[in-house]
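Engineer: Could you have a look at this structure, given as structure tokens, before my questions?
No lab work stands behind these numbers, since they all come straight from the coordinates. Here the structure is a predicted model, which means the values were calculated and not measured. When we count neighbours, we look across all protein chains shown, and the Cβ atoms used for this are built from the backbone with ideal geometry, even at glycine.
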Amino acid sequence: MREIDDRLADVERELGGYRELVDERARLLAARASLTGGPRVNAATGARRLSQDEVAEYLRLHPGSRAGEIARALGVPLANVSQHLYRGKHGRFEARGDVWHLRESSDGERG
């Protein structure tokens, strides 16, 4: 256990020099997204961030889609899409078998 703790301490010291670069990368990615109106990205990984609104818009245009189809079309990991779908399962989204739809709102509009 002591060897592991010692090695972890060494690794933390080595990573210290990279924290400034990671922070600068995050600032630059945010600035680029702000200037271009482009997608938000995860500062740590550079992966595109996904909003529940984007999932809803995709389902508005492509009702009856599977989570994997949505992920591929939006260029994001399946886990990100699944999280939004399941969080909105009792409100915004409805699962019918293995496909997803927007729930009908009370005024008859989708959404």
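Engineer: Stretch Tyr86-Glu69 to full length: gain in nm at 0.36 nm per residue minus the Cα-Cα span?
Structural biologist: 4.6 nm
Engineer: Then there's this: Ranking request for peptides 90-99, 60-69, 2-11, 76-85: highest mean number of other beta-carbon atoms within 10 Å first, then the rest in descending order.
Structural biologist: Per-residue Cβ counts within 10 Å, averaged per peptide and sorted highest first, yield 76-85, 60-69, 90-99, 2-11.
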